[in-house]
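Okay, structure first, notes after.
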Number of protein chains: 2
Amino acid sequence: MSIFLSLKSVQEAKEAIYSIAKAAEKETVALKNLNGRILAEDIISNENIPGFTRSTVDGYAVVSKDTVGAGESVPAMLDYTGRVEMGTLSDISIKTGQCAYVPTGGNVPNGADAVAMIEYCEQIEDDVLVYRPLATGENVVFADEDFAEGKKIIPAKTILRPQECGVLAALGIVEAEVFKKPLIGIISTGNELVEISKKPPFGKVRDVNTTLCSSFVENEGCIPKVYGIIPDEKNELYTAIKKAADECDAVLISGGSSKDARDNTSMIIESLGELLIHGISISPGKPTIIGTVGNKPVIGLPGHPSSAFVILSFLVSELLCAMQGIRKEYRTTIAQLTENIPSAEGREDYVRVVFKDGYAKPLYSKSGLLSTLADSKGIVKIPAGQEGLEAGEEVEVIFW
Amino acid sequence: MSIFLSLKSVQEAKEAIYSIAKAAEKETVALKNLNGRILAEDIISNENIPGFTRSTVDGYAVVSKDTVGAGESVPAMLDYTGRVEMGTLSDISIKTGQCAYVPTGGNVPNGADAVAMIEYCEQIEDDVLVYRPLATGENVVFADEDFAEGKKIIPAKTILRPQECGVLAALGIVEAEVFKKPLIGIISTGNELVEISKKPPFGKVRDVNTTLCSSFVENEGCIPKVYGIIPDEKNELYTAIKKAADECDAVLISGGSSKDARDNTSMIIESLGELLIHGISISPGKPTIIGTVGNKPVIGLPGHPSSAFVILSFLVSELLCAMQGIRKEYRTTIAQLTENIPSAEGREDYVRVVFKDGYAKPLYSKSGLLSTLADSKGIVKIPAGQEGLEAGEEVEVIFW
């Protein structure tokens with residue numbers, strides 16, 4: 001093989017990723033385990049919520065037009081007819097000139113169309129003085145106003161937050177169909193690697209990528225399956241990749257970091273399945289491999305953890321999201337650069353930054369350092385068409 | 001009790017919260033379970049990493065001064081002395097005028113101080129032509145350059161991301177001391193509540209807050225313990241609050257939504273422990289209660305889920321973080337408001353928004369609607385001293 005990789009653009013790499021990502025199967029999960037899962041079906045309301053006209057305040061249910069012109073000096077005076085108890089069906093009915101006490105969340109009686117907050121009322125025996133005018137519907141939620149029967153409430157492919165789980169509870173939906181968590185095989189390869197519990201002999205280093213990939217995959221809603229350190233030897237690596245692709249929904253192979261080791265990985269993928277991409281115009285992360293084995297996506301990550309992490313964050317994350325039916329969304333903020341960042345044109349560059357009080361400071365260091373991975377709190381992308389970013393520029397910082 | 005609460009500022013509420021939050025105990029957790037946990041000890045490097053001089057590229061290890069003046073037309077010509085194998089201790093030693101091949105991650109032999117990338121070299125039998133000049137240390141990581149022995153690598157109170165887990169792996173740290181996940185008791189009270197699996201009879205609604213609080217608490221790194229729906233009846237509520245405070249590290253009681261129910265909760269807290277705050281100048285969320293029972297924090301949340309969620313997000317989150325030894329950090333972005341947001345001066349207002357392409361649109365609706373909880377993707381705070389925000393203003397949007 002040539003020493004020069006035939007580099008593809010990040011756009012081409014993403015297209016390759018989307019072409020090989022298959023959406024996971026679906027499963028039904030109980031509400032209490034739905035937090036963080038990705039909905040595979042639209043949620044439709046089967047009923048009107050709240051289902052009855054409900055007060056949002058403690059106060060007096062009134063006919064709003066009785067309060068026209070009411071003020072501090074000229075309150076509306078209404079007849080008190082009784083009190084609605086919480087959670088019960090009240091037989092009170094309100095006519096013009098009348099009112100009834102309703103607690104927050106209680107049923108607004110028939111005939112009333114607004115509730116005057118208790119703070120703006122005064123009850124003197126059977127008379128209630130209302131010191132403010134009320135609009136129709138004020139402090140009231142109508143029977144179908146929150147969720148109307150038959151309406152789509154949460155669309156499929158929503159990542160369920162506590163908020164959505166609360167809405168499901170309100171609708172009485174005790175389980176929902178979500179995408180299964182993809183099982184992701186994780187292989188570390190390289191003759192220089194030792195188990196993390198060992199003290200590496202001279203010339204060797206601990207296997208960082210198994211831990212890095214497993215934690216990352218978990219954060220993206222998947223389940224890691226660790227295959228450990230596989231020596232950079234054709235037969236062993238061939239067997240491991242075949243087994244992982246058989247058992248998992250996708251496979252991540254990190255390292256070997258040298259050209260020879262990378263060529264090994266790419267040749268094995270080619271012999272077992274299809275090699276789509278070997279080399280991307282991205283920095284760090286150039287020697288990334290994208291392929292399939294048995295129609296399962298297989299990604300070859302650079303051996304160096306900080307390069308691997310850029311590929312995890314910006315390509316593998318897109319794969320894992322696509323396998324769960326969604327598009328990756330990055331959380332970003334805007335910050336002002338404290339220094340110039342030069343970049344090679346034609347290459348998408350990712351520069352680690354620390355940021356505080358609206359300023360982002362690039363973490364310059366040798367690209368081979370792992371320490372900046374933990375030191376950095378975000379990353380700035382320099383698009384392929386740009387020669388760099390200037391100090392003072394406002395840039396988008398991607399949280400990572 | 002008066003119909004008017006004696007309102008405290010959000011600042012006073014936070015001070016109360018910090019005064020009652022006790023940091024959780026510590027526990028030792030294995031590396032593979034550390035992702036997302038909060039470190040309770042400083043991580044110090046016990047060794048130099050990488051521990052040997054390491055190449056970050058595939059290429060030829062050289063004495064950098066031999067390449068001074070090298071260029072496309074006048075390459076430096078060096079004697080090839082051999083090849084360093086990956087992961088092994090090489091006995092090659094480089095003198096001026098010599099070079100050796102080193103794979104990425106391999107040991108840079110003694111005497112060499114830089115590595116020329118293979119792409120800029122040409123080997124002709126035992127001669128290597130180097131077409132670019134190299135600086136001292138170029139493409140090399142020195143033995144203690146990534147992590148030096150004795151140096152603090154990750155400070156206590158860091159939330160461990162995949163990046164930090166990777167660094168722990170590199171250092172051979174297979175377990176670490178973290179804060180225990182606090183156990184949070186969750187009580188829903190109110191006579192209007194029914195279990196979520198039931199169809200509510202007229203005038204009743206399903207218990208949304210148990211689900212909302214449980215999921216929220218999980219997202220903040222805690223373990224929810226659900227006590228279910230407790231009727232708004234003094235003895236039952238008293239028994240439930242006492243039991244939950246006995247068994248858990250903190251208790252969240254949501255509802256009842258009416259004044260009477262709130263008064264019940266506050267009186268019980270007062271009789272069992274200490275009532276610090278009843279009523280906060282915040283909207284929504286005014287009738288919030290802060291107290292302690294048996295020195296455990298007890299928070300009374302508003303009954304309405306969307307009000308409760310604001311208090312969870314901006315007060316309870318601070319409590320739960322403080323109980324895990326950290327300060328809550330909010331992720332925010334900047335967006336331009338599409339509409340005016342009026343606000344009452346003297347009150348901290350939280351307005352739900354949707355945002356896209358740098359614009360934030362307030363979700364105006366009745367405050368009593370639950371639907372906007374799921375519809376909104378962020379929230380905008382209007383400080384107590386401000387009368388509102390204007391359309392076109394750039395505002396900070398807090399992701400939620």
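Here the Karplus relation 6.51 cos²θ - 1.76 cosθ + 1.60, evaluated at θ = phi - 60°, turns the backbone of segment A:304-316 into coupling constants of 6, x, 6, 6, 4, 5, 5, 5, 4, 5, 10, 10, 4 Hz, with x for every Gly and Pro. Taking amide H as placed 1.01 Å from N in the peptide plane, the amide H of residue B:98 sits under 5 Å from that of B:63, B:79, each at least 5 places away or on another chain. Give the relative contact order (percent, whole number) for segment B:1-100; include only Cα pairs under 8 Å separated by 6+ residues. Relative contact order comes out at 22 percent. Summing +1 for each Lys or Arg and -1 for each Asp or Glu, what net charge is found among the other residues whose Cβ lies under 15 Å from the Cβ of residue B:294? So the environment of residue B:294 carries a net charge of -1.
Placing a pseudo-label 7 Å from each Cα along the Cα-to-Cβ vector at residue B:96 and residue B:202 gives an inter-label distance of 10.2 nm. Relative contact order of segment A:332-399: 50 percent, from C-alpha pairs under 8 Å at least 6 residues apart in sequence. With R₀ fixed at 60 Å, the C-beta to C-beta distance from residue A:28 to residue B:148 puts the FRET efficiency at about 0.70.
Across chain A, C-alpha contacts under 8 Å between residues 6 or more apart give a mean separation that, scaled by the residue count, equals a relative contact order of 17 percent.
Return the long-range amide H neighbours of residue A:57 (sequence gap of 5 or more, or a different chain), with a cut-off of under 5 Å between placed amide H atoms. Here A:105 satisfy the definition.
Computed with every protein chain present, the accessible area of residue B:330 is close to 70 Å² [probe 1.4 Å].
Placing A:366, A:259 in order of accessible area, with the largest value first and a 1.4 Å probe, yields A:366, A:259. Taken as Cα centroids, segment B:354-400 and segment A:162-210 sit 34 Å apart, rounded to the nearest whole angstrom. The fraction of accessible area contributed by carbon and sulfur in segment A:131-230 is 51 percent, rounded to a whole number (1.4 Å probe; ligands and nucleic acids excluded). Distance check, please: which entries in A:157/A:328; A:328/B:377; B:32/B:180; A:32/B:296; B:181/B:243 exceed 22 angstrom between their Cα atoms? Long pairs (Cα-Cα over 22 Å): A:32/B:296.
Relative to the longest principal axis of the Cα atoms of chain B, helix B:234-247 runs at roughly 20 degrees.
Comparing A:292, A:332, A:67 in a Gaussian network model of chain A (Cα springs below 10 Å), the most mobile by mean-square fluctuation is A:67. Taking amide H atoms as placed 1.01 Å from N in the peptide plane, the amide H of residue B:230 lies under 5 Å from those of B:188, B:189, B:190, each 5 or more residues away in sequence or on another chain.
Could you tell me the calculated FRET efficiency between residue B:387 and residue A:270, based on Cβ-Cβ distance and R0 = 60 angstrom, to the nearest 0.05? Here the calculated transfer efficiency is 0.35.
In whole percents, the pair-distance distribution calculated for segment A:27-185 from its alpha-carbon pairs, binned every 5 Å from zero, is 2, 9, 16, 16, 12, 9, 9, 8, 7, 5, 4, 2, 1, 0, 0, 0.
Partner shielding of B:81-90 amounts to 4, given as the average count of beta-carbon atoms from other chains within 10 Å of each residue beta-carbon.
Does segment A:208-313 classify as rounded, prolate or oblate by the C-alpha gyration tensor (a ≥ b ≥ c root eigenvalues; a/c under 1.5 gives rounded; else a/b over b/c gives prolate, otherwise oblate)? Since a/c stays below 1.5, the shape of segment A:208-313 is classed as rounded.
Buried surface between chains B and A: roughly 7000 Å² of accessible area, summed over both sides, computed with a 1.4 Å probe on protein heavy atoms only.
What whole number of Å gives the distance from the Cα centroid of segment B:287-328 to the Cα centroid of segment A:83-154? The two parts, judged by their Cα centres, are 30 Å apart. Evaluating 6.51 cos²θ - 1.76 cosθ + 1.60 at θ = phi - 60° for every residue in segment A:41-52, the Karplus couplings come out as 9, 6, 9, 10, 6, 8, 7, 7, 10, x, x, 8 Hz, glycine and proline recorded as x. Shortest first, residue B:97 label-point distances to identical copies amount to 11.9 nm, with the label point at 7 Å from Cα along Cα→Cβ. Rounded to the nearest 10 degrees, the angle from helix A:10-20 to the longest Cα principal axis of chain A is 80 degrees.
The stretch between residue A:88 and residue A:260 holds 54.3 nm of extra length on full extension. This uses 0.36 nm per residue minus the Cα-Cα distance. Between copies, the label points at residue A:357 (set 7 angstrom from Cα along Cα-to-Cβ) are spaced 3.5 nm, reported in nanometres from shortest to longest.
So how far apart, in nm, are the two label points at residue A:12 and residue B:366 if each is 7 Å from Cα heading toward Cβ? Here the modelled spin labels are 5.8 nm apart. When the Cα gyration tensor is reduced to axis lengths a ≥ b ≥ c, the ratio a/c is 1.5 or higher for segment B:332-399, and with a/b not above b/c it is classed as oblate. Would you mind checking A:381/B:65; A:198/A:234; A:26/B:381 for any pair whose Cα atoms are more than 28 angstrom apart? Checking Cα-Cα distances, A:381/B:65; A:26/B:381 exceed 28 Å.
Taking other residues whose beta carbon is less than 11 angstrom from the beta carbon of residue B:369, and scoring Lys, Arg as +1 and Asp, Glu as -1, yields 0. Full extension of the chain segment joining residue A:136 with residue A:239 gains 29.8 nm, where the gain is 0.36 nm per residue of separation less the Cα-Cα distance. The figure for residue A:249 is an accessible area of roughly 70 square angstrom, using a 1.4 Å probe on the protein chains alone.
Across identical copies of the chain, residue B:199 has label-point separations of 7.1 nm, listed in ascending order, with the point defined 7 angstrom from Cα along Cα→Cβ. Surface calculation, 1.4 Å probe, protein heavy atoms: residue B:4 sits at approximately 120 Å² accessible.
For segment B:215-222, 3J(HN,Hα) computed residue by residue from phi via the Karplus equation (6.51, -1.76, 1.60; θ = phi - 60°) reads 5, 4, 4, 4, 4, 8, x, 10 Hz, glycine and proline entered as x. The modelled label-to-label distance between residue A:334 and residue B:77, using points 7 Å beyond Cα along the C-beta direction, is 5.9 nm.
The values are calculated or read from the model by the stated rules, or taken from the named source; none is laboratory data. From a predicted model like this one, the values you see are computed outputs, not experimental measurements. Note that we place each Cβ from the backbone using ideal geometry, even for glycine, and neighbour counts take in every protein chain shown. These area figures cover heavy atoms from the full protein model, side chains too; ligands, DNA and RNA do not enter into them. Shrake-Rupley method; radii C 1.70, N 1.55, O 1.52, S 1.80 Å.
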